[in-house]
Structures are given as C-alpha cells and as structure tokens.
Amino acid sequence: MEAHAYQTRLRWTGAAEGPAHDYRTYSRAFVAETPGKPALAGSSDPTFLGDPTVHNPEDLLLISLSACHMLTYLALCTHDGIAVHSYEDAATGTMARKDGATRFVEVVLHPRCTVSGDVEHARRLHAQAHAGCFIANSVNFPVRNEPQVLAAT
C-alpha cells in the first residue's frame, strides 16, 4: 500500500477570551479544520475545565476507533456477500495513570449489527476488521471488540 498523507489545521479560538496565563481560567476552545470539510468545534474534557457541550480529544479518539472498525467491517462484509442492514457501536474507553503518565489503557468497541447471510461468518469478520483497522493498529493500548451480530428478519 502506498503512503497516504492527511492534514488538518487546529486553531485555539479561546484566545479571543484572553491569553492563557492561569490554568483555572483560560478558555480551552478550539476549532479543527480539514480542507473541504466542515469545521469541528472542540474543547478539553470537563475534568480539565473544558466545555462539556463540544467534542474533546478523548471523544474524537473513540469516534476514530469506532468509525474505522465499522468502515473496515462493512467493506469485509460486502466483499463476502453479507448484507449489513444496521450497525451501531457504543464504544467505551478507560484512561488511567500508567508508567507515570495519564493515558488510554483500553478501548472496548460494542458493535451491534443486523445482517443477511451467514451470521457466524459475519461475527468472525469483526476479528478481521479489527486486524485491518488502521486506527486500532496505530495506538499503543488494547482495543477490544465485543460484537453482537443478529440475523435480519
């Protein structure tokens, strides 16, 4: 596979509220921009005095892992003749102190999908999707999958 390059621009919009000189009071607001796509407003997690109404980096990491798994899974299913009628995931992540730093120590994906075709094969494809997920292959913590695959009626 050839290399793929990506670019984004992150801009701290909190500067409009004044300079960051006191940890308790500066704005954590930012905007992430990718060429040709809608801007994404964000902040830090409320634990770190951020705005709870917008996405934070931790949310975005979970979303990236969940979306990458789903898109890989859908591709595998279509290649193997399995029709996916619905797919949802309720991903969870745990951050903790490890090796002297706060970091993600685990993410668990809980995909739930409805398929037409071989349900057992569709269930096994989640393992292949995990192995092929670019984002899961790029992180240094375990990403587990607890899929539920149902037959379409």
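The values are calculated or read from the model by the stated rules, or taken from the named source; none is laboratory data. Source: prediction; values computed, not measured. Here the Cβ is made from the backbone with ideal geometry for all residues, glycine too, and neighbour counts use every protein chain on show.
A count restricted to the range 74-83 and to residues that are over 15 Å from residue 120 (Cβ atoms) and either without any contact (Cβ under 8 Å) to a residue 60 or more places away in the chain or of a type in the set (D, E, K, R) (or both) stands at 4. Taking residues in the range 131-153 that are part of a loop (DSSP other than H, G, I, E, B), and partners anywhere that are among the aromatic types (Phe, Trp, Tyr), the pairs with Cβ atoms closer than 8 Å and at least 6 places apart or on different chains are 139/104; 141/104.
Residue by residue, here is whether (1) assigned by TED's automatic domain parsing to the domain that holds residue 126; (2) surrounded by 13 or more Cβ atoms within 10 Å (Cβ to Cβ); (3) touching a helix residue (DSSP H, G or I) at 6+ places or on another chain (Cβ under 7 Å) holds:
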| residue | (1), (2), (3) |
| --- | --- |
| 3 | no, no, no |
| 30 | no, yes, yes |
| 66 | yes, yes, no |
| 90 | yes, no, no |
| 100 | yes, no, no |
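Set side by side, the residues 151, 122 differ, and just one is small (Gly, Ala, Ser) and closer than 14 Å to residue 69 by Cα, which is 122. Just one residue in the set 109, 150, 125 is at pLDDT 95 or above and out of contact with any helix residue (DSSP H, G or I) (no Cβ under 6 Å at 6 or more places or on another chain); that residue is 150. Within the range 86-104, being out of contact with any Ser or Thr (no Cβ under 9 Å at 6 or more places or on another chain) and more than 27 Å from residue 119 (Cα to Cα) holds for 93, 94, 97, 98, 99, 100, 101, 102, 103. In the range 51-60 there is at least one residue matching the filter, namely being surrounded by 13 or more Cβ atoms within 10 Å (Cβ to Cβ), in a strand (DSSP E or B) and in contact with a strand residue (DSSP E or B) (Cβ under 8 Å, 6 or more places away or on another chain).
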